[in-house]
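Take a look at the structure below.
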Amino acid sequence: QVQLVESGGGLVQPGGSLRLSCAASGTIFNWYNMGWYRQAPGKQRELVALITSSGRLHYVDSVKGRFTISRDNAKNTMFLQMNSLKPEDTAVYYCKVDQISGAYWGQGIQVTVSS
């Protein structure tokens, strides 16, 4: 069983930065995707950034050039560095791991971009 816990969210002014972390407990093996998703009030959950097991990276167009996804294999942790934040980035952010055995989600963490 895999458990994912996000941290690093909060309130930030427009133009600011935050770094989200997703720490995994339990054994992660045979994974093929790890990613960050977000859900704003009244909107559907959307993929923000994805890293595949082969190291390929994918970003939604709205965050390209501002967000960076990465992972630390030794610490079983995934990160999302978010720079030049905009009010439209306000949402609950979730991390997700896709394994052969199934998909696992974190509980979500709030990111609010406001002056």
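The values are calculated or read from the model by the stated rules, or taken from the named source; none is laboratory data. Note that the structure is a prediction, hence the values are computed from the model and not measured. Glycine also receives a Cβ, built like all others from the backbone with ideal geometry; neighbour counts cover every protein chain displayed. Just the protein is used for accessible areas: all its heavy atoms, side chains included, with ligands, DNA and RNA removed. Shrake-Rupley method; radii C 1.70, N 1.55, O 1.52, S 1.80 Å.
Structure values in brief
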quantity: Counted residues, the range 35-46 - those being part of a strand (DSSP E or B), in contact (Cβ under 8 Å) with a residue 24 or more places away in the chain and not aromatic (F, W, Y); calculated: 3
quantity: Per-region count, the range 3-20, residues surrounded by 15 or more Cβ atoms within 10 Å (Cβ to Cβ) and either touching a His at 6+ places or on another chain (Cβ under 7 Å) or under 16 Å from G108 (Cβ atoms) (or both); calculated: 6
quantity: Residue list for the range 21-31, restricted to those being part of a strand (DSSP E or B) and either at positive phi or surrounded by fewer than 16 Cβ atoms within 10 Å (Cβ to Cβ) (or both); calculated: S25
quantity: Test result for Y104, in contact with a strand residue (DSSP E or B) (Cβ under 6 Å, 6 or more places away or on another chain) and either part of a loop (DSSP other than H, G, I, E, B) or surrounded by fewer than 18 Cβ atoms within 10 Å (Cβ to Cβ) (or both); calculated: no
quantity: Pair list, Cβ < 9 Å and 6+ apart or interchain, from the range 94-105 residues that are at positive phi to residues that are open to solvent by less than 40 Å² (accessible area, probe 1.4 Å) and not hydroxyl-bearing (S, T, Y); calculated: G102/V2
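Conditions (1) part of a strand (DSSP E or B); (2) free of Cβ contacts under 8 Å to residues at least 24 places away in the same chain; (3) surrounded by 18 or more Cβ atoms within 10 Å (Cβ to Cβ), marked per residue:
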position: N33; (1), (2), (3): yes, no, no
position: V48; (1), (2), (3): yes, no, yes
position: S54; (1), (2), (3): no, yes, no
position: I69; (1), (2), (3): yes, no, yes
position: M78; (1), (2), (3): yes, no, yes
position: E88; (1), (2), (3): no, no, no
